[in-house]
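Single-structure report; data block below.
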Amino acid sequence: MKHLFKNFLEDKKIYRLNERYYQSMFNEVLAQEVQPFYRTTYGNGESFLDGNPIFSTAYHDRIVRIIQKSPSSKPAWRVWLDQFDNLEELVISLELTDQSSPLVRQFVQKWLVERLPKEDMQELISEQKARPLPS
Amino acid sequence: MAKPPHRGRLQAQSDNVEESKAWAQDKPPTWQEGLEMLNKLEDKLSKKEREKRKEQFKQAERFITNAGKSGGVQSPIKKSFENEKFDDGTRLDIEVSAGWFAVSIALVALIIIFVL
């Protein structure tokens, strides 16, 4: 297992590359140029740069929000369904690794492109929870 | 009737808990009001649930204070502070669904002048 963009919280350049990585992934999955949904800056324009969230997008009436954590020996992977206003939201809280990255793509595909009903999505989340990512 | 322009909520969540403190008002909440709302949310929780989110309340407090010093935050904003030690989704969320939040009193005055 290999962490990607390991020092994203320490180095602003790596953080920006990390954001672009998700942007490209979402562009590919949705076959269009996506825009971030949530603001990640204070009123004075300064960025949070804390990975919470590192990327998000809205597509029709659904949102995906990605929270990225700093690397550890037991990579975090948590997914839940939530709401924001009248939009349904899928939240992925993770450490980005070569193992978790394809999973993000898979969950985004299921939620935004295939538009799986919430119940089926919940089932997928539970299935994945039962199969923890390798350390 | 039109919805108030500044709306959002602070929410404590898990599989078994859902408590929130919401706002919907004409003036954006200042960061001091944000911290008061956070305290009120904390008061709504049982001692056990407060304890489970001790660090998450500190993180939310830091975020609101930083926002206050940095011009507030404008919607859409959502932040989740999770307690990863628990497997039941224990967390604290900040949602700003419309308008501004955690601004300074000077900025509230500016926003009111701009709107008028």
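Data for the structure
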read-out: Every pair of residues 6+ apart whose Cβ atoms lie under 6 Å, when the first sits in region B:22-47 and is small (Gly, Ala, Ser) while the second is part of a loop (DSSP other than H, G, I, E, B); value: B:Ala24/B:Pro4; B:Gly34/B:Ala102
read-out: Residue in region A:3-12 that is of a type outside the set (Gly, Ala, Ser), assigned to a strand (DSSP E or B), within 14 Å of chain B (Cβ to nearest Cβ) and surrounded by fewer than 19 Cβ atoms within 10 Å (Cβ to Cβ) present; value: no
read-out: Qualifying residue in region B:32-40 (condition: surrounded by 15 or more Cβ atoms within 10 Å (Cβ to Cβ), under 13 Å from the mean Cα position of the chain (by Cα), over 17 Å from A:Ile67 (Cα atoms) and within 11 Å of chain A (Cβ to nearest Cβ)); value: no
read-out: Selected residue (only one of B:Arg53, B:Arg62 is in contact with a strand residue (DSSP E or B) (Cβ under 6 Å, 6 or more places away or on another chain), charged (D, E, K, R) and at pLDDT 95 or above); value: B:Arg53
read-out: Scan of region A:4-27 for residues that are over 12 Å from the mean Cα position of the chain (by Cα) and touching a residue at least 12 places away in the same chain (Cβ under 8 Å), ordered by number; value: A:Leu4, A:Phe5, A:Lys6, A:Phe8, A:Leu9, A:Lys12, A:Tyr15, A:Leu17
read-out: Flag for A:Val79 being aliphatic (A, V, I, L, M), within 11 Å of chain B (Cβ to nearest Cβ) and touching a strand residue (DSSP E or B) at 6+ places or on another chain (Cβ under 9 Å); value: yes
read-out: Residue selected from region A:82-135 under the condition among the hydrophobic types (A, V, I, L, M, F, W, C) and loosely packed, with under 15 Cβ neighbours inside 10 Å, by the criterion farthest from A:Gln68 (Cα to Cα); value: A:Val113
read-out: Within region B:61-87, tally of residues that are in contact with a Lys or Arg (Cβ under 9 Å, 6 or more places away or on another chain) and facing another protein chain (nearest Cβ under 9 Å); value: 12
read-out: Number of positions in region B:67-92 that are acidic (Asp, Glu) and crowded, with 23+ Cβ neighbours inside 10 Å; value: 1
read-out: Identity of the residue in region A:82-97, in a strand (DSSP E or B), facing another protein chain (nearest Cβ under 10 Å) and acidic (Asp, Glu), that ends up farthest from the chain's Cα centre (by Cα); value: A:Asp82
read-out: Candidate set from region A:57-76 (those that are within 10 Å of the chain's Cα centre (by Cα) and more than 8 Å from chain B (Cβ to nearest Cβ)); member that is farthest from B:Gln59 (Cα to Cα); value: A:Thr57
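So that you can scan it fast, the table gives a plain yes or no per residue for (1) of a type in the set (Ser, Thr, Tyr); (2) at pLDDT 95 or above; (3) at negative phi:
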| residue | (1), (2), (3) |
| --- | --- |
| B:Arg9 | no, yes, yes |
| B:Glu42 | no, yes, yes |
| B:Leu45 | no, yes, yes |
| B:Val73 | no, yes, yes |
| B:Asn83 | no, yes, yes |
| B:Ser104 | yes, no, yes |
| B:Leu116 | no, no, yes |
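The values are calculated or read from the model by the stated rules, or taken from the named source; none is laboratory data. All of these numbers come straight from a predicted model, not from anything done at the bench. Positions of Cβ are generated from backbone atoms using ideal geometry, with glycine treated the same way; all protein chains shown enter the neighbour counts.
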